[in-house]
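First up is the structure itself, then whatever we jot down about it.
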Amino acid sequence: MFDDWFNSRRVEVPKVTRSASQQAEVDAATAALALYHYDTCGFCRRVRTAIDALGLDIELRNVMEERARYQELLTHGGRTTVPCLCIGKDDPASAQWMYESADIVAYLVERFGTTP
Ligand SMILES: N[C@@H](CCC(=O)N[C@@H](CS)C(=O)NCC(=O)O)C(=O)O
């Protein structure tokens, strides 16, 4: 059921390799991102797998292990559902809070799926 739903929105995630300077450029961009998640959430796992394939250094904020992260997700994102990608983590009040694993994967592939 879960797989049927997710696969219907599947985005191909390329395995990306970069030169050191390309990786530094991407790392500078992903420094603004944080993924709210927890280990046993299958939707979160899909996003973490995409992050790994794309070679991204994105801060992971575990809402089960850190209660403060759960609370800030609710306060600023509006919901406690994970995964949620915070885009603009330095200013949570004006950040974009992206829910939906398929949307997050599509966003990451669109933005980082090709070498600069
Ligand atoms: N359609 C969503 C489903 C996300 C979802 O159901 N997340 C669960 C954990 S697996 C959750 O956070 N439930 C608690 C809540 O919504 O507060 C996605 O693909 O991201």
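The numbers here are math on the coordinates, done by the rules we state, and not lab data. All values reported here derive from a predicted model rather than from experimental measurement. Note: ideal-geometry Cβ built from the backbone for every residue, glycine included; neighbour counts use all protein chains shown.
Have a look at the DSSP beta bridges in the chain and tell me what percent are antiparallel, nearest 5.
65 percent
Spin-label point model (7 Å from Cα, Cβ direction): what's the residue 64 to residue 27 distance in nm?
Once both label points are built, they end up 3.0 nm from each other.
Using helices alone, what [θ] at 222 nm do you get for the chain, with -39,500 (n - 2.57) per DSSP H run of 4 or more residues, divided over all residues and rounded to the nearest 500?
Calculated from helices alone, the mean residue ellipticity at 222 nm is -12000 deg cm²/dmol.
Could you work out how much longer the chain between residue 15 and residue 96 gets when fully extended? Use 0.36 nm per residue separation minus the Cα distance between them, nm to one decimal.
26.6 nm
Within a Cβ distance under 15 Å of residue 95, other residues only, what is the Lys/Arg minus Asp/Glu net charge?
Result for the neighbourhood of residue 95: 0.
Are there cysteines in the chain with no second cysteine's Cβ under 4.7 Å away, and if so, which?
So, 84, 86.
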